[in-house]
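Right, one structure below, let's go through it.
Rule-based calculations on the coordinates, nothing more; no lab input. Since we're looking at a predicted model, the values are computed, not measured. In this analysis, Cβ positions are derived from the backbone assuming ideal geometry, glycine residues included, and neighbour counts consider all displayed protein chains.
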Amino acid sequence: MTVPVVMSSGLTEDEARLIGRLQHDLASYRKKNVTKWRYYDGDVELKNMEIAVPSNLVNVDASIGWGGVIVDALEERIDWLGWTADEDQADGLQAVARENRLSTEFNKVKLDSLVTGVGFLEVTAGGAGEPDVIINAVSSSDATYLWDDRANRVSAGLVMKQGPEGEDLLTLYLPDMTVTVVREHGESRVTRHVHNRGRCGLVAFPNKSRAGRTRGQSELTKPVRYAIDHAQRTILEMEYNREIYTTPQKWFANILPEDLGFDPESDAEMSEFERIKKGFDVAMTRAVILPTQEEDGKNPSTGQYQSAPPTPYIDELQMITQLLSSYSGIPPSWFGFHTDNPPSAEGQRALEARNVKMSERRCTSYSGPMDADVAFIVQSILAQRSEEAAVPTPEFMAAVSSRWRDPATPTVAAATDAVTKQIEVGALARNSVVALERMGYSDADIRRIQQEWSQESFRELLMLASKKELPADPLAEELARQRTE
């Protein structure tokens, strides 16, 4: 898909120059992203060397899904559970997250980030008849950005899409303003929305970013892609090896092709169908013919070659899985090769330790834009819409943080046992919300549990009152005595 160049007389010179630069970047990234998604989907074109498998025989669409295994192993351990804050400060943020199904939208973002190197969330104020805040995931093939190293956030972002009626939609996100261009039937409409939030409405989530490479890096690196190509060729070679040796190849000695019914002159006049049929017959009766040597006068003889097992190809594939395991941090068995003696539970956890650590690092890196940018923009919009909503001051934002599921995915019994021991030593209170979160309860479950605790406490007080076992209050007794006097 080519990037349409959108220029409009309604844009300022600086805006037009900035859009042109971002359009150029987006065009270059789109081609790379298509290649990475093909590796993830297992839809990579075969890079054949034409030695073991001739090019005219490559009619099998060999595919291998190890790119998806590598990415999904990380993606499935990263679960964003919402925002938390002191007291009730995150209630408005959580309401917006539920209304926009932000957990689902973030799942799209993290997959984009892991495959292409960066994912995007688009955070905007809702219009008439819409929610106060609208949050949508944006494909990394439809968005790009410029990074401000000093502020450590996006300084300008561009999103290019097509509308429901085929019109070109372009949105330029700036820290204090959003510029929208709609191009249809050769005409452009430019609108500007000044919000003065100091944040771009396009928030980037780079994967494995580093100094000088703020756009991030895909998990499908060049070594990983080469290993997948190698495995794809090996599988195809094993496929043809099976076809060749399904019918054992024969040999004939001291005989001429004419003795077996082959006529070169008639073969040249065959139709295409007859040629294909005869080729099939030859393949099913594959043979090597050694013509008669007149001087030795030996009698004709025949035999067959031994079939070759696919063991060398399987060993080669197993070697490739070990390479991919070192690149990706996931156990070789996840690529489909299991040993006769599987590891113990402790051994399996040791094999997964690196993958768990990588997932924890991603949670930490994704928390930055989710808390400092997405939460800030959401709270700013809420504060502009309602006087009751708090302004996102530095003190307010310092109390807001993202909550993630434990990437180590402990069992319910293990998590409960760990929390119980922390309560016993006094590190956590018995009715602590943190304890419930660590045991894996959702926000809805926590609210129900707290309601049940309140009802139980109220019932206990009523029972004490009915039995007149409430503790005496000296002040209340003195007031009662004065009233009776």
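Structure notes:
- Shape call, the range 115-242: gyration tensor on alpha carbons, a/c limit 1.5: prolate
- Burial ordering of Met358, Met49, fewest other beta-carbon atoms within 10 Å first: Met49, Met358
- Cα-based equivalent ellipsoid of the range 71-171: semi-axis lengths in Å, sorted from largest, via gyration tensor: 23, 20, 16
- Here's how it looks for Leu81: its modeled amide H is under 5 Å from those of Arg403, Trp404, Arg405, which are all 5 or more places away or on a different chain.
- Pairs from Lys47/Lys161; Lys36/Lys161; Lys161/Lys208; Lys32/Lys357 whose Cα-Cα separation, in the structure shown, is over 24 Å: Lys47/Lys161; Lys161/Lys208; Lys32/Lys357
- Fewest-first sequence of Trp37, Trp66 by Cβ atoms within 10 Å of each Cβ: Trp37, Trp66
- 3J(HN,Hα) from dihedral phi, the range 160-167, Karplus parametrisation 6.51/-1.76/1.60, rounded to Hz, x for glycine, proline: 10, 9, 10, x, x, 9, x, 6
- Peptides ranked, highest mean first, by Cβ atoms within 10 Å: ranges 230-239, 348-357: 230-239, 348-357
- By the Kirkwood approach, averaging reciprocal distances over each pair of separate Cα atoms, the range 19-125 gets a hydrodynamic radius of 17.5 Å.
- Calculated from backbone phi, Karplus (6.51, -1.76, 1.60) coupling profile of the range 395-411 in Hz, x at Gly/Pro: 5, 5, 5, 5, 8, 8, 8, 7, 10, 10, 6, 4, x, 6, 6, x, 5
- Length added when fully stretched, Asp61-Asp91, from 0.36 nm per residue minus Cα-Cα: 5.6 nm
- In nm, spacing of pseudo-spin labels at Val34 and Val391 (7 Å Cα→C-beta vector): 4.9 nm
- Packing around the peptides 190-203, 437-450, 157-170, taken as the average count of other Cβ atoms within 10 Å per residue, puts them in this order, highest first: 190-203, 157-170, 437-450.
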